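Everything on this sheet refers to the single structure shown next.
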Amino acid sequence: MAIYTCLDMIADCRAGKPEGWRYLVTYYVPVIRWILAHYAAERASDSRLLERLLGILKNSDHPLFAMPHTSEREFVAALRQEIVSRLEDQAGQQELPASFSFEILSVALKPLTAMERQMVWLEGMQWGVEASAKMLNLESRTIAAARQRADELLRAHLDHWSQGWMGKNGRALARAVQAVPSEQCFEAHAFLDAIDGRITWNRKKDLDFHLLSCWRCVDHFCRMREVDFAFRETRPLTDAEASAFFQLLQIPTAPKKLGWMARLFSRGAERSPLN
Ligand SMILES: [Zn+2]
């Protein structure tokens, strides 16, 4: 029997089939909760927030199911963007100082390597040293040292600097970086190949070189690392946990699978002229 995948789920959700919604709830409610715990910690225990988000997602016409995803992690990256942008709408937008530009950021952080830029950008995404070390497979002290160095570099270039500047302005940076013009950006699968260690040496060299001039790709890479980390940190719901959500979202539960004996007899009963 073919294995049911996230891509099957997307097709079924688009068609409004219960199999799709059941898979979405079972596998991705834990991820949504994990994202809420990080980006809306003060509201993470508010079950209505999760219910509202699930209500928005349980819609066959939701753009999330129309995007050309080619892998599960790409789908979850889009899901993550949807959740974070809804939280952002509710929280109110954070503004960067008028004098800020990504050119200034590039000049200030010019001495940093491609990897150090990710260490610093993850601080903007509110990830502490320990979690960032796990995402990047590095020592915590390496992350701490890069962040301290970046802070000193920023201090020398920014008008309105204060300690931990990246962390304090991360939300606004994440929004603003989407508008930065950029050419020859890398696709999500290139970042995933790099995370999985499947990237060739030449391609990695090109990617690292590009990251030195493109904050959009630094952001994109960090978001893919976060998604990859989410899979390591979460487990699918148990049947009991999932069924509570099925009820809430009015998703029919899966028909009970019959054993081969029961299937044989039920088939016989269907054929019986007495029935
Ligand atoms: Zn780029």
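The values are calculated or read from the model by the stated rules, or taken from the named source; none is laboratory data. Please read these numbers as outputs of a predicted model, since none were measured by experiment. We place every Cβ from the backbone using ideal geometry, glycine too, and count neighbours over all the protein chains shown. These area figures cover heavy atoms from the full protein model, side chains too; ligands, DNA and RNA do not enter into them. Shrake-Rupley method; radii C 1.70, N 1.55, O 1.52, S 1.80 Å.
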inquiry  = Over the chain, with the other protein chains present, what is the accessible area per residue in square angstrom, probe 1.4 angstrom?
reply    = 56
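Report the charge-dipole magnitude of the stretch 102-233 in Debye, nearest 20, computed about the Cα centre from +1 at each Lys and Arg Cβ and -1 at each Asp and Glu Cβ. Provide the component values of the computation, followed by the final result.
On the way: 18 positive and 18 negative charges, 21 e Å.
Dipole magnitude for the stretch 102-233 comes out near 100 debye.
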request  = Could you list, in their original order, any pairs among LYS168/LYS204; LYS168/LYS205; LYS110/LYS204; LYS110/LYS205 whose Cα atoms are separated by more than 23 Å?
outcome  = LYS168/LYS204; LYS168/LYS205
remark   = Low-density loop GluC sites (Glu not before Pro), the stretch 58-112, at most 15 other Cβ within 10 Å, DSSP non-H/G/I/E/B, are GLU95
key: Förster-model FRET efficiency, 41 Å R0, GLU103 and SER45, C-beta, rounded to 0.05   = 0.50
request  = Find the cysteines in the chain that fail to meet the 4.7 Å Cβ criterion with every other cysteine, and list them.
outcome  = CYS6, CYS13, CYS185, CYS222
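Using the alpha carbons of the chain, what is the convex hull volume per residue in cubic angstrom, as a whole number?
167
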query = What's the longest bit of the chain with no exposed trypsin sites (Lys or Arg not before Pro), using DSSP loop states and at most 12 other Cβ atoms within 10 Å as the test?
reply = 1-197
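Would you work out the Kirkwood radius for the stretch 89-198? I mean one over the mean of 1/r across all pairs of different Cα atoms, in Å. Working shown, then result.
Numbers: mean 1/r = 0.0666 Å⁻¹.
15.0 Å is the Kirkwood radius here.
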remark   = Helix-only [θ] at 222 nm, the chain, -39500 (n - 2.57) per DSSP H run of 4+, per residue, nearest 500, equals -20500 deg cm²/dmol
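When only DSSP loop residues count, what GluC sites (Glu not before Pro) in the stretch 137-200 have their Cβ near at most 15 other Cβ atoms within 10 Å? Mind showing how you got there, number by number?
Numbers: sites: GLU139, GLU152, GLU183, GLU187; in loops: GLU139, GLU183, GLU187.
When the GluC sites (Glu not before Pro) of the stretch 137-200 are filtered for loop state and at most 15 Cβ neighbours within 10 Å, GLU139, GLU183, GLU187 remain.
Send over the Kirkwood Rh of the stretch 92-151, from the inverse of the averaged 1/r over different Cα pairs, rounded to one decimal Å.
Values: mean 1/r = 0.0810 Å⁻¹.
About 12.3 Å, per the Kirkwood formula over Cα pairs.
Probe radius 1.4 Å, ligands and nucleic acids ignored: give me the carbon and sulfur share of the accessible area of the chain as a rounded percent.
Values: 8290 of 15530 Å².
Summing carbon and sulfur atoms, their accessible area is 53 percent of the total for the chain.
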remark   = Comparing PRO18, PRO97, PRO236 in a Gaussian network model of the chain (Cα, 10 Å), the one with the largest mean-square fluctuation is PRO97
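Mind putting a number on the dipole of the chain about its Cα centre? Charges go on the C-beta only, +1 for Lys and Arg and -1 for Asp and Glu, and I need it in Debye to the nearest 20.
Details: 35 positive and 34 negative charges, 155 e Å.
I would put it at about 740 debye.
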